[in-house]
Structures are given as structure tokens and as C-alpha cells.
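What follows is one structure encoded as C-alpha cells, with my remarks underneath.
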Amino acid sequence: MSKNIHVVEDDESICEIVELILREEGFSVETSSSATEFSNSIFSSHDVPDLILLDIMLPDGDGRKLCEMVKQSDSTSQIPVILMSAHANSAEVIKDGYADAFISKPFDIYYLVNEVRRNLRM
């Protein structure tokens, strides 16, 4: 059974690349392009993803706050969250204590896949 990853990314081209890479690696992928779309999906569904790949800078919200919400909810707290950004410092992001990992953009494809697998314990 393939693992399900929810990608939250507002840049359409980055989202398409990440989705393609993950699907080629055998993962099932769901995407959201905004904080609102993601929140409506994750907190209203009983079918939660195995991992969330979450951009920090979204047009209608901050991915760090979404990560905090995910980690504080009983129904989603166990889901690994990897934050992504071209503008954030990884030490600051991880220091906040909510994200399980951080990927800096632009990212290396192999690093992305390895981080996903590592956080899924594969």
C-alpha cells in the first residue's frame, strides 16, 4: 500500500514538479494551493495523509502556523510535517518545535525524496 502525501504549495510549477517526483517514487499525492484549502481538507477528513509537505509562504497564511495547528490537533498530531521555503532559516524553523524537518528551496530532488522517506521511516 502506497503512502499518501499532502503537498501544500502555491507555486503551480513547484507543486507539479514535487507531485511528479513523489508519484514516480510510488507515493499517492494530494495537493492544496492555499492555507484555506489545506485546512478544509485536513481537518474535515477522516482520511489523513501519512506525511505533509508544507510551504511556509502561502498567499493566505503562514505554513508554520498551519504546522502548529496540525501538531496540536489530536487527529493529526502524529503526521510528520516537512516545511519548505526559499526564505526561512532551517534552524529557526526546526527550533519552533513543530516541524519534523525543513527543506530549503530550490531543493535537490534526491534530498527531497530522502527526507520524505526518512520521515515516513521507510
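Numbers at a glance
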read-out	value
For Cα extents along the principal axes in Å, calculated from these coordinates, the label among [x] 33, 30, 27; [y] 52, 48, 23; [z] 66, 31, 24	[x]
Placed amide H near Val8: partners under 5 Å, 5+ positions off or other chain	Ser32, Leu53, Leu54, Asp55
Whole-Hz ³J(HN,Hα) from phi, Karplus 6.51 cos²θ - 1.76 cosθ + 1.60, for the stretch 37-54, glycine and proline x	4, 5, 4, 4, 6, 6, 8, 10, 10, 8, 9, 7, x, 7, 7, 10, 10, 10
Cα centre as origin, Lys/Arg/Asp/Glu Cβ charges: the chain dipole, Debye	500 debye
For the stretch 24-63, average projected area of the Cα convex hull in nm²	3.2 nm²
Listed residue (Ser41, Phe27, Ser2) projecting farthest to the positive dipole end of the stretch 1-60, Cβ model	Ser2
Neighbour-count ranking [beta-carbon atoms within 10 angstrom, fewest first] of Ile52, Ile103, Ile14	Ile14, Ile103, Ile52
Computed FRET value (nearest 0.05) for Leu20 with Ser73, which takes r as the C-beta separation and R₀ as 25 Å	0.25
Order of Phe27, Phe43 - criterion: other Cβ atoms within 10 Å of each residue's Cβ, fewest first	Phe43, Phe27
Sequence-distant residues sharing a close amide H with Val29 (under 5 Å, placed H)	Ile5
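Read-outs: derived from the displayed coordinates by stated rules, not from any lab. This structure is a prediction, so every number in the text was calculated from the model and none was measured. Heads up, the Cβs are rebuilt from the backbone with ideal geometry, glycines too, and the neighbour counts pull from every protein chain shown.
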